[in-house]
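Only one structure is covered here, and it is reproduced in the block below.
The values are calculated or read from the model by the stated rules, or taken from the named source; none is laboratory data. Keep in mind that this is a model prediction, so the values were computed, not measured. Ideal geometry is used to build each Cβ from the backbone, glycine not excepted, and the neighbour counts take in all protein chains shown.
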Amino acid sequence: MSEFYPIVTVEPEWVLGGEDMGSKEKFWYRDTAGRNKNCLFKYSRRDTGEHWAEKIAAEVAACLGTLHAKVELAEFQNVYGSTTESFARRGRALIHGNEVLAILISDYNPRKKFHQSAHTLDNILAVLDSVFTNSGEKRLFAEYLVLDAVIGNTDRHHENWGFQLRRRGEKEWDISLAPSFDHASSLGRELRDERRDRLMAEDRVGRYAEKGHGGIYWSPDERRGPSPLELVRRAASTYLDLFRPALAKLDRLDEGILRSIIDRVPSDWMSASARKFALALMRYNLEQLRRLEP
């Protein structure tokens, strides 16, 4: 068995300040004893696996070769959480998706995070077309959505993706799509073990995957966004050229690789039921996604 992931112990004297973005409690710190980089510590909400969901998602992204934020398991004053290394550095600023959508999409409300039906894939792609001169960033965003479908990430709302901006000169700027980040709402992290065991015993893991509602809508007329899996199904049918490279990367994953990623979470950080369910969920999602490959 591979060795467990390291645990970062965040010291109180490293704390820089809080973070207002999002609904989860978190704070910025600078690890002056080691990496000497700004990082975001995110508390795992009680009775959830948000900490291990973040870490497993980052490791799956790494296997796929998908650009992502670096994540480690972490604890602060004996409380479990995760830490994400800042990618907005070296003069880069992070601009969230809602800020750009509000500029380029008529009547878009950037403050309406939940049930924002104007946060459609078509509008996102229109924004990427307006910002970038080629399709590279759109294909990269397609990779993010395929990653979401693999791990069952239901929280790709308009503040959970964005752009990196860096000044090149007095009037010139570099802009790129920010790495994929904030994957805590994945892998059944909100379930209790009793519920996980029942879903697996009743062969309803697939139903769980299909019923989850994502943060991106297919149509503004929908009451809720489709599941991450269903979103990719529809997108692959409509935008095959964009999604074909992302779907091809699924060949880098198999059950053995996914199991080894999960098994590296320390035993006291993730229950046996949570491990079995996370593996079963990704196995189902992979089976479904592979049916879309041309």
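A few notes on this one:
- Selection within segment 10-53 - at positive phi and at pLDDT 85 or above: Asp47
- Residue within segment 56-76 that is aromatic (Phe, Trp, Tyr) and either buried (at least 22 other Cβ atoms within 10 Å of the Cβ) or without any contact (Cβ under 8 Å) to a residue 12 or more places away in the chain (or both) present: no
- Scanning segment 85-128 for residues that are within 19 Å of the chain's Cα centre (by Cα), modelled with pLDDT of 95 or more and not in a helix (DSSP H, G or I) yields His96, Gln116, His119, Thr120.
- Selection from segment 180-201 of residues that are in a loop (DSSP other than H, G, I, E, B) and crowded, with 19+ Cβ neighbours inside 10 Å: Phe181, Asp182, His183, Ala184, Ser185, Ser186, Leu187, Gly188, Arg189, Leu191
- Of all the criteria given as (1) part of a loop (DSSP other than H, G, I, E, B); (2) modelled with pLDDT of 95 or more; (3) over 15 Å from the mean Cα position of the chain (by Cα), the one not satisfied by Gly169 is (2).
- Residue within segment 143-153 that is in contact (Cβ under 8 Å) with a residue 60 or more places away in the chain, part of a loop (DSSP other than H, G, I, E, B) and touching a Gly at 6+ places or on another chain (Cβ under 9 Å) present: yes
- Residue match in segment 267-275 (condition: in contact with a His (Cβ under 6 Å, 6 or more places away or on another chain) and under 23 Å from Asp47 (Cβ atoms)): no
- Screening Thr154 against (1) among the hydroxyl-bearing types (Ser, Thr, Tyr); (2) under 30 Å from Lys276 (Cα atoms); (3) surrounded by fewer than 21 Cβ atoms within 10 Å (Cβ to Cβ); (4) touching a strand residue (DSSP E or B) at 6+ places or on another chain (Cβ under 7 Å) leaves a single unmet condition, (4).
- Hey, Glu159 surrounded by 15 or more Cβ atoms within 10 Å (Cβ to Cβ), among the acidic types (Asp, Glu), over 22 Å from Leu258 (Cα atoms) and under 16 Å from the mean Cα position of the chain (by Cα) or not: yes
- The set of residues in segment 202-222 being in contact (Cβ under 8 Å) with a residue 24 or more places away in the chain and part of a loop (DSSP other than H, G, I, E, B) consists of Gly212, His213, Gly214, Gly215, Ile216, Trp218, Ser219, Pro220, Asp221, Glu222.
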